[in-house]
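One structure below.
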Amino acid sequence: MLSIKTCIELAYIIDKFSKEEIERIFLVFNIDFHLYPTTNRNNSNSKRVNIILSHLKSTKTKGPFSSSFQMDLLQYVVENYYRDKEKANVNRLYAFANEKIVEFEDLFSFKFKKLSNSLKQDGFVIKGDYIQKLLPQEIEEARIDSELISLLIKFNFHTTKGHLEQAINNHITSNWAGANSQFRTFIESILIEIVKYMLPENNCNSATSAINILSKTVSPPFLKEDLNEVETSKCKKPFVEGLWKRLHPEGNHPGLSNEEDSTFRYHITIVFAHYLLKRLEKRLV
């Protein structure tokens, strides 16, 4: 299932199609009843695209080729883009003006960066004229990012939610360094907010302090020694501190990055944060 952000970016692309091309989508995707009565044929492109967007958001609308209207329409748009171009060859390299040589699989991504970046956050990548899964099925179906936002709202972690939203927006716009900086700040913020949620009088103000409190002060410990999440005499390279260091290998400065590294940080960050909040939720039951 595609996120609302991906659906919106897909709608923006379709909005640039001609009226005839958009009408063809209605016909192919069996939603041509919106074209009738015939007076509706005078609707603007934007109005018609809004109808398409409403179907993209709905889980009830089926596609003409599969059970997913979203994935069928995405595939249709990708194939439409490549229709008059040379057949995709992922082994070939192409050069773009003022850009480095990139693989052909990035041709669509190069043209529609916001859609492609948002799509990767949904667990998919476009290679040539095909859509491929980027993440394992169980992570993809969990819709971790959406549930994470819901949990942040549930616990009133509004500052942390703001850092996550800034990180995601930076990632979508290919601002990798900005995204990385916010991913790091997001993890620090969520650790601190969990401390203050459990110990309202505590003045915790750093990730290092939060890790220490959540593993030693809180009873029973929130971060677990038996899972090697924190340092013990038997574990000198714990997971949580290792993740914290991985998110800022250059120290406080976010440093330069690329899409692959930033996308890795994105996925590991939301999975870990989701895991922590689900643990907090179960603890309060």
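The values are calculated or read from the model by the stated rules, or taken from the named source; none is laboratory data. These numbers come from a predicted model, not from an experiment. Because the Cβ atoms are built from the backbone with ideal geometry, glycine has one as well, and the counts that use them run over all protein chains shown. Heavy atoms of the whole protein, side chains included, go into the accessibility calculation; ligands, DNA and RNA do not. Shrake-Rupley method; radii C 1.70, N 1.55, O 1.52, S 1.80 Å.
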Please verify whether the range 43-52 includes one or more residues that are modelled with pLDDT under 90, farther than 15 Å from Ser118 by Cβ, among the hydroxyl-bearing types (Ser, Thr, Tyr) and open to solvent by 40 Å² or more (accessible area, probe 1.4 Å).
-> yes
Hits in the range 161-204 - residues which are β-branched (Val, Ile, Thr) and either at positive phi or in a helix (DSSP H, G or I) (or both) | Ile168, Ile172, Thr185, Ile187, Ile190, Ile192, Ile194, Val195
Yes or no: Asp15 at pLDDT 90 or above and either of a type in the set (D, E, K, R) or open to solvent by 40 Å² or more (accessible area, probe 1.4 Å) (or both)?
-> yes
Residue in the range 182-204 that is farthest from the chain's Cα centre (by Cα), counting only those that are buried (at least 16 other Cβ atoms within 10 Å of the Cβ) and of a type in the set (A, V, I, L, M) | Met198
Of the conditions (1) open to solvent by 10 Å² or more (accessible area, probe 1.4 Å); (2) on the phi < 0 side of the Ramachandran plot; (3) free of Cβ contacts under 8 Å to residues at least 24 places away in the same chain, the single one that Leu214 does not satisfy is (1)
Filter the range 205-216 down to residues that are more than 15 Å from Phe272 (Cβ to Cβ), part of a helix (DSSP H, G or I) and under 28 Å from the mean Cα position of the chain (by Cα), then give me how many there are.
-> 1
Of residues in the range 217-238 being farther than 17 Å from Leu277 by Cα and β-branched (Val, Ile, Thr), the one least open to solvent (accessible area, probe 1.4 Å) | Val230
Working only within the range 150-173, note down all residues that are touching a residue at least 40 places away in the same chain (Cβ under 8 Å), within 24 Å of Lys113 (Cα to Cα) and open to solvent by 40 Å² or more (accessible area, probe 1.4 Å).
-> Thr173
Among (1) touching a Pro at 6+ places or on another chain (Cβ under 7 Å); (2) open to solvent by 40 Å² or more (accessible area, probe 1.4 Å), where does Glu147 come up short?
-> (1)
Give me a count of the residues in the range 54-73 that are under 14 Å from Phe26 (Cα atoms) and open to solvent by less than 90 Å² (accessible area, probe 1.4 Å).
-> 10
Sort out for me the helices (runs of 4 or more DSSP H) sitting completely within the range 83-160 that have 2 or more residues that are at pLDDT 85 or above and of a type in the set (A, V, I, L, M, F, W, C).
-> 113-121, 144-154
